[in-house]
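Below you'll find the structure, written out as structure tokens, and then a few comments.
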Amino acid sequence: MLSFKIAVKNLIGAGLKTWLNVFVLSLSFVMIIFYNSMIDGWNKQAETDTIAWEIGQGQIWEKDYDPYDPYSLIDAHAVIPPELKNQATKGDVVPILITQASVYPQGRMQNILLKGIPTDQQLLDLPTAELSDEGETTPAIIGRRMSEATKLKQGDRVLLRWRDKNGTFDAQEILITKVFENNVPSIDAGQVWIPLASLQEMTGMTDEATLLVVGDDYQPVADANWEFKSIGFLLADMRAIIETKKGSAAIMYLLLLGIALLAIFDTQVLSIFRRQKEIGTYVALGMTRGQVVKLFTIEGGAHSLFAAALGALYGIPLFIYLNKVGIPMPAGTDSAGLPISSEIIPVYGLGLVVGTILLVVLSATIVSYMPARKIARMKPTEALKGKIQ
Amino acid sequence: MNHASIISIQHMTKRFPVGKGEFTALNDINLEFGEGEFAGLVGPSGSGKTTLLNIIGSLDTPSEGTATVMGQDISTLSHKASALLRNQHIGFIFQSYNLLPVYTVFENVEFALLLQNRSASERKKAVLDALEWVGLTDKMTSKPAMLSGGEGQRVAIARAMVKRPKILLADEPSANLDAQNSHQILKTMKALNRELKTTFIFSTHDEKVMQYLDRIISLEDGKVVSDVEKAAAAL
């Protein structure tokens, strides 16, 4: 406690030099928390949206289904087992049939994934009620990204071509009944949603599905043809990509932190050189060399505590403001295929704040200790003369 | 010698490495200092005065022989033990005062007591007493940069004396002071020596300081060439 008191006194006494170091270090604090909270917010929003729009509480895949291999779709369909069909009737699971197809907006061919989904499902946020109005033309809904890519709008009709289960081509017009806004590219880009019953009939895959999305009340069913995939499994790739983003963002703030730590290191080296007489005086007054090393280490480390306080001073209002208005994302940010909304609400976890404080305090203390070790090798008689080079 | 011995130096030699060879700063020194002495080491620059003070103050160790201070052999003390010895029994006064620049006069004097873990009320009383001895109670909130040379040295005396050490070592205390200030601080130190029975050992070649000393030990090339007590010299 005594060393801390003396260190703080010395730091405050050092004036502008201290405050410059503290300011740069406080920027590191704020940047680290800002970047991580933004990415955590993105992660949370992406997971929430993906669960709400695509994966529910998990999925049951037909055993041949591989979302990364479109050719698997030819075989990846099977009759829904009766136990699952019962649950589907109650709305506890939502069967989805997927097949490859093509649309011809303005005469140009575009390959798509044609997905059939029950029109009365409530489990996913997809506006499938818009598919229930079955006139002569099969209704279809598409997402904003698909609409932008194909220039298709609500009310447009477009030619759809597909192959049935025997490989025979067929074609008909579909009517776009809704273009829905969403943050999940994986249910949007290159996809057209139509009623499940229509797709089953069009492909001759009566009562068949490729996968089933399950809800909270889903009762597990054991069937060799169907495999349950948990939320963790389904989100694993997305989480890995977001972690990678976190890693690349870390380069920026670690660079800033590095500059701040270099400034502290430099200050410490200069300080030990310039304050030799003071060091000698401390020893003459009865401090052990270890106590003097500790004092200088705490002095350097205390920069980080001041920085935390200063960072809190301007960082907390900034974070509260950002939490209210969100961080706007530029248009096209989601074109990489990751779920991202137009604005991200940052998430400030206790772990993030405590972890950041520990990281900065610990690294500032380490860089302060390194030059301070030199004091232990100083001869106090030389230090008192200020002769050490 | 009438005083009970608190410093005993026996056949002490101190050598420093210089290039590939060695320089002998002190050569076979034998000295005793008693409680309450007001003694000075005099001699030209390089005669070994400061080296001897440093060894007595346990800031350095002898190359040969022994230096026993307050019953403790300096050569065998660990860093911690020598720090404790300085903390509890030895005060230092330096030529350039060595005040801590970011502290006020009060805090500079208080510093020595902080290291002794004294209570706040105890520290306050002791600091005020010490500042009164040196006549600086009106400057207690000033920073060292705002003080004159004489005031700075008086703060250094207060800092050295506030813990009531048994031994006070003063290295050229008047070197940066004018005649008036030199006399003033020497009178202060003499009065403290009488009042507190602290042993004062000076390193000096200042005639003004020598006037006040009760014992003058002359060093030359690291050897004691004379050791004269004023009372004996007067006879």
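The values are calculated or read from the model by the stated rules, or taken from the named source; none is laboratory data. All figures in this text were calculated on a predicted structure; none of them were measured in a lab. Counting neighbours? That spans all protein chains shown, and the Cβs are built from the backbone with ideal geometry, glycine included. All accessible areas refer to the heavy atoms of the entire protein, side chains included, with ligands and DNA or RNA removed. Shrake-Rupley method; radii C 1.70, N 1.55, O 1.52, S 1.80 Å.
Taking only C-alpha pairs under 8 Å that are 6+ residues apart, what is the relative contact order of chain A in percent?
With pairs under 8 Å counted, the relative contact order is 27 percent.
All other residues with a Cβ under 13 Å from the Cβ of A:R373 taken together, and with Lys, Arg as +1 and Asp, Glu as -1, what is their net charge? Spell out each step's value before the answer.
On the way: positive: A:R289, A:K294, A:K374, A:R377; negative: none.
Local net charge: +4.
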Which distance in nm do the two modelled labels at A:I12 and B:E122 give, with both placed 7 Å along the Cα-to-Cβ direction?
2.5
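With N residues in the stretch A:162-236, what two-decimal value do you get for its Cα radius of gyration over 2.2 N^0.38 Å? Kindly include the intermediate steps, with their values, before the conclusion.
Details: Rg = 15.7 Å, N = 75, 2.2 N^0.38 = 11.3 Å.
Taking the Cα Rg and dividing by 2.2 N^0.38 Å, one obtains 1.38.
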Diffusion coefficient in µm²/s returned for the stretch B:172-235 by Stokes-Einstein, Kirkwood Rh over C-alpha pairs, 4 °C and 1.567 mPa s, is 101
Long-range Cα-Cα pairs in chain A (distance over 29 Å), rounded percent:
58
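Among DSSP beta bridges lying fully in the stretch A:59-229, give the percent that are antiparallel, nearest 5.
Percent antiparallel among DSSP bridges in the stretch A:59-229 is about 75.
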Hey, what did the stretch A:59-229 get for relative contact order, percent, Cα under 8 Å, at least 6 apart?
35
Proportion of all alpha-carbon pairs of the stretch A:65-149 beyond 17 Å (%)
60
Principal axes of the stretch A:1-89: Cα extent on each, largest first, Å:
79, 28, 20
Charge dipole (debye, nearest 20) of the protein assembly as shown; +1 at Cβ of Lys and Arg, -1 at Cβ of Asp and Glu:
4100
Accessible area expressed per residue, the protein assembly as shown, with surrounding protein chains retained (probe 1.4 Å, Å²)
45
The correct pair for chain B, radius of gyration to one decimal and Dmax as a whole number, both in Å and from Cα atoms, is 17.5, 54
Loop-only trypsin sites (Lys or Arg not before Pro) in the stretch A:108-151, please: DSSP not H, G, I, E or B, and at most 11 other Cβ atoms within 10 Å.
A:R108, A:K151
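Report D for the stretch B:132-210 in µm² per second (integer): Stokes-Einstein, Kirkwood Rh on Cα pairs, 20 °C, 1.002 mPa s.
Answer, rounded: 167 µm²/s.
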Find, among the chymotrypsin sites (Phe, Trp or Tyr not before Pro) in the stretch A:46-98, those assigned to loop by DSSP (not H, G, I, E, B) with at most 15 other beta-carbon atoms within 10 angstrom.
A:Y68
Taking the Cα centre of the stretch A:59-229 as origin, sum charge times position over the Cβ atoms of Lys and Arg (+1) and Asp and Glu (-1), and report the length of that vector in debye to the nearest 20.
660
Ignoring ligands and nucleic acids, A:H77 exposes an accessible area, probe 1.4 Å, in Å² to the nearest 10, of 40
For the stretch B:123-216, which trypsin sites (Lys or Arg not before Pro) are both in a DSSP coil and crowded by at most 13 other Cβ atoms within 10 Å?
B:K197
The number of Lys pairs in the stretch A:11-122 whose alpha carbons lie under 30 Å apart, excluding pairs fewer than 8 residues apart on one chain, is 8
Just report the Cα centroid separation between the stretch B:184-210 and the stretch A:55-83, whole Å.
98
Here the stretch A:181-289 gives, from Cα atoms, an Rg and Dmax in Å of 31.5, 96
Treating cross-link reach as a plain straight distance, find the lysines whose alpha-carbon is under 28 Å from the alpha-carbon of B:K187, omitting any fewer than eight places away in the same chain.
A:K277, A:K385, B:K49, B:K124, B:K125, B:K139, B:K143, B:K163, B:K166, B:K197, B:K208, B:K230
Express the Stokes-Einstein translational diffusion coefficient of the stretch A:59-229 in µm² s⁻¹, to the nearest whole number, given a Kirkwood radius over alpha-carbon pairs, 4 °C and a viscosity of 1.567 mPa s.
80
Taking every DSSP bridge whose two residues both lie in the stretch B:5-234, the antiparallel percent to the nearest 5 is 55
DSSP-defined beta bridges in the protein assembly as shown - what % are antiparallel, rounded to 5
65
What is the Cα radius of gyration of the stretch B:96-234 over 2.2 N^0.38 Å, N being its residue count?
1.10
Relative contact order %, chain B, counting alpha carbon pairs below 8 Å whose residues are six or more apart:
28
